[in-house]
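See structure below.
The values are calculated or read from the model by the stated rules, or taken from the named source; none is laboratory data. What you are looking at is a predicted structure, and each value in this text was computed from that prediction instead of being measured. Cβ placement follows ideal geometry from the backbone for every residue including glycine, while neighbour counts extend to all protein chains displayed. The protein model used for the area step is the full one, side chains on, heavy atoms only, and it has no ligands, DNA or RNA in it. Shrake-Rupley method; radii C 1.70, N 1.55, O 1.52, S 1.80 Å.
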Amino acid sequence: MERSYDVFVFLLVSVLCLFLSQPARSQDDSQPLLALKSSIDALNKLPWREGTDVCTWLGVRDCFNGRVRKLVLEHSNLTGPLDSKILGRLDQLRVLSFKGNSLSGEIPNLSALVNLKSIFLNENNFSGEFPASVAFLHRVKVIVLSQNHISDDIPASLLNLRRLYVLYLQDNAFTGRIPGFK
């Protein structure tokens, strides 16, 4: 009897430790969105406020249970670099559009956005190399990175994106050969 009690306590403590060791998950995307706002909205144009329903926030076009699936912040006077850690917390995104802003720096690692289907980062001031992380987004169908300052080669790894049917890269500073897209 004592042995079964010890086993029960051990299992209970183990399960409790496992549960407590998991990172706390926000019930909605308000915290990563507010962190994003503080990093790229210097002019305070986005009227996002803590305690309000993120599904009603400006630029949130599709949302389910507080998880944002489409974030469209076009021509919103956003500036500065995008933080991959902040964006990575928005892991239910299917559409990400920052078209027509003044975002700069390198395009961040987007590999945490495994549900992403469409990326619109055109008409900004992004520079550096083509973001290698995009090649890991196996659901992506549309990539629009035109009118930036992206340089170096267009990676052949894009050929592995079986669902990709729109790729706009014009008005950048690419060099080298264009991969053999079909």
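Quick notes
- Among residues of region 165-178 being surrounded by 13 or more Cβ atoms within 10 Å (Cβ to Cβ) and among the aliphatic types (A, V, I, L, M), the one that is farthest from Val134 (Cα to Cα) is Leu169.
- For region 90-113, the count of residues that are more than 17 Å from the chain's Cα centre (by Cα) and of a type in the set (S, T, N, Q) is nonzero.
- His138 of a type outside the set (A, V, I, L, M) and closer than 22 Å to Asp41 by Cβ: no
- Residue in region 30-40 that is in a loop (DSSP other than H, G, I, E, B) and more than 16 Å from Pro108 (Cβ to Cβ) present: no
- All conditions in (1) buried (at least 20 other Cβ atoms within 10 Å of the Cβ); (2) at pLDDT below 95 hold for Asn148, with the sole exception of (2).
- Scan of region 21-63 for residues that are surrounded by 11 or more Cβ atoms within 10 Å (Cβ to Cβ), β-branched (Val, Ile, Thr) and at pLDDT 95 or above, ordered by number: Ile40, Val54, Val60
- Taken together, Leu90, Leu103, Leu96, Leu71 contain a single residue that is in contact (Cβ under 8 Å) with a residue 60 or more places away in the chain and assigned to a strand (DSSP E or B), which is Leu103.
- With respect to the conditions (1) of a type outside the set (Ser, Thr, Tyr); (2) at pLDDT below 95; (3) in a loop (DSSP other than H, G, I, E, B), Ala135 falls short on a single one, namely (3).
- All conditions in (1) among the hydroxyl-bearing types (Ser, Thr, Tyr); (2) in contact with a Phe, Trp or Tyr (Cβ under 8 Å, 6 or more places away or on another chain); (3) in a strand (DSSP E or B) hold for Ser146, with the sole exception of (3).
- Scanning region 86-140 for residues that are surrounded by fewer than 20 Cβ atoms within 10 Å (Cβ to Cβ), farther than 17 Å from Gly59 by Cα and among the polar types (S, T, N, Q) gives Ser104, Asn109, Ser111, Asn115, Asn125, Ser127, Ser133.
- Any hit, region 155-164, residues being open to solvent by 60 Å² or more (accessible area, probe 1.4 Å), farther than 24 Å from Ala42 by Cβ and assigned to a loop (DSSP other than H, G, I, E, B): yes
- Residue that is nearest to Val68 (Cα to Cα), among those in region 106-132 that are in a loop (DSSP other than H, G, I, E, B) and of a type in the set (Gly, Ala, Ser): Ala112
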